[in-house]
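**Q** Quick one: structure below, then a few questions.
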Amino acid sequence: MTRKGEEKEFVKELTPKSVDFSQWYVDVIRKTDMADYTTIKGCMVIKPYGYAIWENIKSALDRRIKETGHQNAYFPLFVPESLLKLEAEHVKGFAPEVAWVTHGGDEPLEERLAIRPTSEAIICSIYAKWVQSYRDLPILINQWANIVRWEKVTRLFLRTTEFLWQEGHTCHRTYEEAQEETLRMLGVYKEFVETELALPVICGEKTESEKFAGAQKTYCIEALMADGKSLQAGTSHNLGQHFARVFGIKFLDEDQTEKYVWQTSWGVSTRLIGGVVMAHGDDSGLVLHPRIAPIQLIFVPIYTTATQTAICEKVHSLNSQILQSINSQIRSEPDFRDTYTPGWKFNEWEMKGVPLRAEVGPKDIQKKQVVLVRRDTHEKIIVPEEDLTEKVVTLLREIQEGIYSKALAFREEHTTRTDRFEEFKEVLETKKGFLISGWCGSPECEEKVKEETKATIRCIPSEGCNQVEGYCVACGKPAQKKAYFARAY
Ligand SMILES: [Zn+2]
């Protein structure tokens, strides 16, 4: 039945993670049919398996966005050049990455149209018409959309010329309200990424040099990947009144004076999928946690020609039992393909990261049992048929928690506190991960660290903004802030 040689060859297709992390990452994504390159430079196709993960991410986040009072809408893909150029800082930040439409058919356009690198300019120009009175506020809108940024170096899911995301754009009456919204959405992102993606994150504020072009304050969540690099997993910006002034979004307040609105914007993208691959995967491929796994439980029947009918019938009935269980909501599937051996199937589903595999063979039928195998720990669990649904529900919960705890332990092991530059450099070369170090607050010191080590300040955690002890890692003067440093994607 299982041909050993075949299994070996199958696994060999993946570059080991420890040998070449980047190649392992690309191998996993392509061999699991999540995504692939296309003939258009920098653009990928998200294949059904990858897209199903995105759909699960999207629905879990969309629910939270709506629960916090936001509605979805859709705005144009194009931004007229004159609008994009209104806010100087904003256009400067995005200019090198903008793709331009110059012709409609063969006719040159009177004005070039940018394909949105982000939607502040187009949305603000529309909000200016919507907002007249304090009664029109707040505006709490989110858009699920595609974005184009002409990237020079691209990487599947992490940095592609076109990608999918959501962008929230809100208008408020006061600064306080906007700041509250900025932090609320940062909190939503943190809870969402930790609960749904099993990715522990640190959160805090970006420095002046790392913040969003045009924002007053940028907050972020950052997750540590298995190669010790940080991934910015989401951002939330307090835009202040920059855009409101430029685009003329003003309202007549209750006191009869005209005021500009206070704005926020916030977003996460398909790069989260890359984060899930890099944080949880292993040498056998993807490790998906149950909440976003397109298939949570895969049945693999093990049969000979003589036992095929009986075993397939049993698997069919067990799978139906799982699907019909009222409270389970388990995404379960049988793999009845007779063109592959069970051994091949084990390897394939393992590579695709399916959290639980159920094996059913002739012996199991006799004993009225099912053999379950966990993807995360490879543990085998024998379960009586009648307890199957209940056991699967429990195991899926345990796997979700187990994957999160493992990622958290990894981050804790890979977080180093030091104010000494020599040790800082040493850690980046050997242990890697996050460094919590003092910073005097000067852009020169931030730049020096970046130049000499390629590590950047990922964020200033909120508790690190107050008076701190210690010294700036770059200049040795007393520290003003504690910062999280890391090399990043
Ligand atoms: Zn300094």
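The values are calculated or read from the model by the stated rules, or taken from the named source; none is laboratory data. Quantities reported herein were computed from a predicted structural model and do not represent experimental measurements. So basically every Cβ, Gly included, is an ideal-geometry build from the backbone, and we count neighbours across all protein chains shown.
**Q** Show me the strands (runs of 3 or more DSSP E) found entirely inside segment 174-272 where at least 2 residues are over 16 Å from the mean Cα position of the chain (by Cα) and polar (S, T, N, Q).
**A** 262-269
**Q** So which residues in segment 64-108 are exposed (fewer than 11 other Cβ atoms within 10 Å of the Cβ) and assigned to a helix (DSSP H, G or I)?
**A** Answer for segment 64-108, where residues must be exposed (fewer than 11 other Cβ atoms within 10 Å of the Cβ) and assigned to a helix (DSSP H, G or I): just Glu67.
**Q** Can you tell me which residue in segment 184-199 is surrounded by the fewest Cβ atoms within 10 Å (Cβ to Cβ), limited to those that are touching a Phe, Trp or Tyr at 6+ places or on another chain (Cβ under 7 Å) and more than 18 Å from Ile53 (Cα to Cα)?
**A** The qualifying residue surrounded by the fewest Cβ atoms within 10 Å (Cβ to Cβ) is Leu186.
**Q** To continue, here is another question. Among the residues of segment 137-175, write down those that are within 18 Å of Met185 (Cα to Cα) and among the hydroxyl-bearing types (Ser, Thr, Tyr).
**A** Matches in segment 137-175: Thr170, Thr174, Tyr175.
**Q** From the list Ile330, Ile292, which residue is assigned to a loop (DSSP other than H, G, I, E, B) and buried (at least 21 other Cβ atoms within 10 Å of the Cβ)? Spell out the reasoning first.
**A** Numbers: Ile330 fails: buried (at least 21 other Cβ atoms within 10 Å of the Cβ).
After ruling out the rest, the residue left standing is Ile292.
**Q** Right, something else. Does Leu388 satisfy the condition of being in a helix (DSSP H, G or I) and not assigned by TED's automatic domain parsing to the domain that holds Gln324?
**A** No.
**Q** Restricting the search to segment 393-436, which residues are within 16 Å of the ligand (Cβ to nearest atom) and either among the β-branched types (Val, Ile, Thr) or assigned to a loop (DSSP other than H, G, I, E, B) (or both)?
**A** Thr418, Asp419, Arg420, Ile436
**Q** Quick one: Thr68 ticks every box in (1) closer than 30 Å to Ala244 by Cβ; (2) in contact with a Leu (Cβ under 7 Å, 6 or more places away or on another chain); (3) not aromatic (Phe, Trp, Tyr) bar one, so which box is it?
**A** Going through (1) closer than 30 Å to Ala244 by Cβ; (2) in contact with a Leu (Cβ under 7 Å, 6 or more places away or on another chain); (3) not aromatic (Phe, Trp, Tyr) one by one, Thr68 breaks only (2).
**Q** Go over the candidates Val300, Val277 one by one and state the one that is over 30 Å from Val193 (Cβ atoms), surrounded by 23 or more Cβ atoms within 10 Å (Cβ to Cβ) and under 31 Å from the mean Cα position of the chain (by Cα).
**A** Val300
**Q** So Ile382 clears everything in (1) touching a strand residue (DSSP E or B) at 6+ places or on another chain (Cβ under 7 Å); (2) away from the ligand (no atom under 16 Å from the Cβ); (3) of a type in the set (A, V, I, L, M, F, W, C); (4) outside the structural domain of Gln321 (by TED's automatic domain parsing) except one condition, right? Which one?
**A** Among (1) touching a strand residue (DSSP E or B) at 6+ places or on another chain (Cβ under 7 Å); (2) away from the ligand (no atom under 16 Å from the Cβ); (3) of a type in the set (A, V, I, L, M, F, W, C); (4) outside the structural domain of Gln321 (by TED's automatic domain parsing), the lone unmet condition for Ile382 is (4).
**Q** Is it the case that segment 342-364 has a residue that's polar (S, T, N, Q) and surrounded by fewer than 18 Cβ atoms within 10 Å (Cβ to Cβ)?
**A** No: zero hits.
**Q** For segment 437-467, which positions are more than 13 Å from the ligand (Cβ to nearest atom), surrounded by fewer than 19 Cβ atoms within 10 Å (Cβ to Cβ), in contact (Cβ under 8 Å) with a residue 12 or more places away in the chain and not in a helix (DSSP H, G or I)?
**A** Of everything in segment 437-467, those that are more than 13 Å from the ligand (Cβ to nearest atom), surrounded by fewer than 19 Cβ atoms within 10 Å (Cβ to Cβ), in contact (Cβ under 8 Å) with a residue 12 or more places away in the chain and not in a helix (DSSP H, G or I) turn out to be Lys454, Pro461, Cys465.
**Q** May I ask you to list the residues in segment 184-210 that are out of contact with any strand residue (DSSP E or B) (no Cβ under 9 Å at 6 or more places or on another chain) and either more than 17 Å from Cys459 (Cα to Cα) or not assigned by TED's automatic domain parsing to the domain that holds His172 (or both)? Please lay out each step first, then the result.
**A** Going through segment 184-210, the residues out of contact with any strand residue (DSSP E or B) (no Cβ under 9 Å at 6 or more places or on another chain) turn out to be 191, 195-196, 198, 208.
Across segment 184-210, the qualifying residues are Glu191, Thr195, Glu196, Ala198.
**Q** Here is a list of conditions, (1) under 17 Å from Ile330 (Cα atoms); (2) touching a residue at least 60 places away in the same chain (Cβ under 8 Å), and Leu408 meets all of them except one; can you say which number that is?
**A** Failed condition: (1).
**Q** Now for a different question. Please indicate, with yes or no, whether at least one residue in segment 413-435 is surrounded by fewer than 20 Cβ atoms within 10 Å (Cβ to Cβ), closer than 26 Å to Gly343 by Cβ, at pLDDT 95 or above and out of contact with any Ser or Thr (no Cβ under 6 Å at 6 or more places or on another chain).
**A** No, because not a single residue in segment 413-435 is surrounded by fewer than 20 Cβ atoms within 10 Å (Cβ to Cβ), closer than 26 Å to Gly343 by Cβ, at pLDDT 95 or above and out of contact with any Ser or Thr (no Cβ under 6 Å at 6 or more places or on another chain).
**Q** Inspect all residues belonging to segment 470-484 and state whether any of them is away from the ligand (no atom under 15 Å from the Cβ) and either surrounded by fewer than 20 Cβ atoms within 10 Å (Cβ to Cβ) or in contact (Cβ under 8 Å) with a residue 24 or more places away in the chain (or both).
**A** Within segment 470-484, one or more residues are away from the ligand (no atom under 15 Å from the Cβ) and either surrounded by fewer than 20 Cβ atoms within 10 Å (Cβ to Cβ) or in contact (Cβ under 8 Å) with a residue 24 or more places away in the chain (or both).
**Q** I'd like to check something: does segment 201-211 contain any residue that is farther than 22 Å from Ala486 by Cβ and in contact (Cβ under 8 Å) with a residue 60 or more places away in the chain? Give the steps one after another, and end with the answer.
**A** First, pick out the residues of segment 201-211 that are farther than 22 Å from Ala486 by Cβ: none.
No: segment 201-211 contains no residue that is farther than 22 Å from Ala486 by Cβ and in contact (Cβ under 8 Å) with a residue 60 or more places away in the chain.
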